[in-house]
Structure formats: C-alpha cells, structure tokens
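As structure tokens, the structure follows; a few thoughts come after it.
The values are calculated or read from the model by the stated rules, or taken from the named source; none is laboratory data. In this text, all values refer to a predicted model and were calculated from it rather than measured experimentally. As a convention, Cβ positions derive from the backbone with ideal geometry for all residues, glycine included, and neighbour counts pool all protein chains shown. For accessibility, only protein heavy atoms count, side chains too; no ligands or nucleic acids. Shrake-Rupley method; radii C 1.70, N 1.55, O 1.52, S 1.80 Å.
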Amino acid sequence: MIENSQNSVDIHTSSASSQQECSVITSSEENLYRLLLPRVLTEQELTTHGYPRPCGQPNKAEITELYPTYGDTRRCHRCQMSFEVSSDGVYQTAETCRFHCGRWKPVSSGHFKKMFDCCGKGHKSLGCKKAKQHVYKNEISGVYEGYMETMPLNEENYKFNVLSFDCEMVYTRFGLSFARLTVVNYKLETVYDTMVKPSADVIDYNTHMSGLRAQDFIGVTTTLQDVHEWFKTNINADTILIGHSLNFDLKSVKIVHSKVVDTADMFSDGGKKPGLKSLAEKELGKVIQVTGKGHDSAEDARCCMQLVQKKVNWRE
C-alpha cells in the first residue's frame, strides 16, 4: 500500500517526521523560493483558470469554471457526450461510453495528419475502449463547502518552503475525486504519499490514467479531513505549491491556496498549454505516463519540481 511505501509518510504514524522534513529550510531552498516568486500566478489568473478562491465565508470557496455546465447536464470527460446526472449523484442516463485512452498527436514529425496513440485511429473513429457508463468532472461554477484555506505564519516562523504535489483521480457519482496524493520537496524527496478513501461511491477507477484499482483501497482509511490536517501542519499561505494544472488537484483536495506555480502556464506557448508528458520528454528527456500503464503521482510531482528548477536556472 502507498502509506507504507519507501520514502513515504503515513499521516497516521509519521506526521511528526513529515513536519520536520517540510520545516527544514535551507539557503538553497530560499534561493529557489525567491526565483519562483515572480512566477506565481496572479489573483486574476487563479480565478480565470478555475482555482478555488476565498469567498468571505469560513470553510467555503468560490470556483469560476472556464467552460461550466448547467443544471443536470454533464459532459463526459472521456468521449465528450452529454448525459444527465441528478443533484444527488444519481445517473439519469444509462449508456455505454466509447472512448480513446491515448493522446491525439501527429503521425510523425512535420505531418499535419494526426491519430490517437492508443490505437492509431483517426479523430472521428469509434473509441477503442469501452466503459459501462460516462464519467465527468464537476464543472459547475459556484460556492462550495468543505474547503480549507492555508494560513499565513507570523514573521518569526516564516518559511521559504517550496513543494510540488500531484493527485491521482478516480470518478465518483459526484465527479472526479482524488484517491492518491504525493508531495515532494525541492530535493525531489517524497514527504507525503498516501492513498485516500474516495468521498463518494466510485463509478470508475480510471485505471488507465490513475494506475489505481479497487483492490488498492482495501484497508485504506485516510480521509479528506486527515489530508487537511497534514496541510495545516506542513503547508502555510506563503508556501509555493508547484504542479501541472494544479487547479484540478486543489479543487479535488479542497484547498484554497494563492502562491501557485503551474507548469502548464509556465511552459504555455501562445496560450496553448502543453501536457506534462510532452514537457517531461522535451525539457527533461524523461518518458512518463506511458499509455496503458497509468500515471504515478510521485513521478509527476518530481517532474514538475524539476521543470520549474530548470526554467529558473536553479542549481543546488
């Protein structure tokens, strides 16, 4: 299980050591912090990109979706078909989902023709994968409950910590829900890695992306509240959090945080945001997120940290 994996921190047994690791701030980390500070997203960018923002009410956050859905209509995250789900998470549409699990990419360098790298078929082809039903992200703008806002430290306890984190997601009847979370420090060391009990009934474990299966959750008791307790102890409002399209992760973990460096924005080209897989290959010479094998939140978090370190020319 993830909680007991090497170099991981189990919130139930090792929170003290985790706190110590995250609190040790060196001059090298402070230097990285100062280099990244100008790269932090502005308040306008956070709002525009759908990050959870303070709304003046305790334990709540406001989210403005770029492409919101309305009422009971949802858009399948895989095949893009519309379907109906009631406000209490009951599916009103029962139909098979056909989708491509790979990426839409050019056949070869310099060619305009594209195909899905999962099966080699074209854009209008029938999906090569089949699922029992559609799945969705929650894309309704509004004020949501259950959020935790990171708090500032006083000047005496100020920390220049820089952390990168990534989540693996499953689909529940209420949309995407995080099921594994990994946090790494600027040395690329894992300081927190835990499986999390999904907050609602799981519709699809999203195995081809998350790498997770039903059996992985046997015995998992860590909840969202446990994760919030870890954040309260180890992350403050001045921590720089790094991730790729981190708005999805922060929404899923229900955290309001303002000092964010998003690699999807940092490396965007003319408004087009690159995927982490292509960035890792182009900038770091690494092959990650191999189609069909699922993602690894620890690997993705380390890649994000390495990408920003390279971008600002930081060396330890």
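Packing order of peptides 84-97, 32-45, 247-260, 164-177, highest average first: 164-177, 247-260, 32-45, 84-97 (average count of other Cβ atoms within 10 Å over each peptide's residues).
Between Met115, Thr150, Met169, the Cα set farthest toward the positive side of the dipole of segment 85-236 (charges on each charged residue's Cβ, about the Cα centre) is that of Met115. Work from the charge dipole of segment 232-297 (Cβ charges, +1 for Lys and Arg, -1 for Asp and Glu, about the Cα centre) and give the residue of Phe267, Leu279, Thr233 farthest towards its positive end. Value: Thr233. For Leu37, neighbours were defined as the other residues whose beta-carbon sits under 13 Å from its Cβ, and their charges (Lys and Arg +1, Asp and Glu -1) total 0. Only Cα pairs under 8 Å and 6+ residues apart enter the sum, and on that basis the relative contact order of segment 220-316 stands at 22 percent.
Within a straight-line Cα-Cα reach of under 28 Å, Lys310 can be paired with the following lysines, leaving aside sequence neighbours fewer than 8 residues apart in one chain: Lys105, Lys159, Lys187, Lys251, Lys259, Lys272, Lys273, Lys277, Lys282, Lys286, Lys293.
Students often forget the sequence filter, so: which lysines lie under 19 Å Cα-Cα from Lys132 once same-chain residues fewer than 8 apart are removed? The qualifying lysines are none; the list is empty. Our summary gives the chain a relative contact order of 21 percent, counting only alpha carbon pairs under 8 angstrom and 6 or more residues apart. The accessible surface of the chain, taken with every protein chain in place and a 1.4 Å probe, is 48 percent carbon and sulfur. Assuming charge only on the beta carbon of Lys and Arg (+1) and of Asp and Glu (-1), the dipole of segment 233-314 about its Cα centre is about 100 debye to the nearest 20. Dipole magnitude for the chain: about 1680 debye, using +1 per Lys or Arg Cβ and -1 per Asp or Glu Cβ, origin at the Cα centre. Remark: segment 164-213 carries a charge dipole of roughly 80 debye about the Cα centre, counting +1 on each Lys and Arg Cβ and -1 on each Asp and Glu Cβ.
With both labels modelled 7 Å from their Cα along Cα-to-Cβ, the Ser28 to Thr42 distance reads 3.5 nm.
Its relative contact order, with pairs defined as Cα atoms under 8 Å and 6+ residues apart, puts segment 61-107 at 25 percent.
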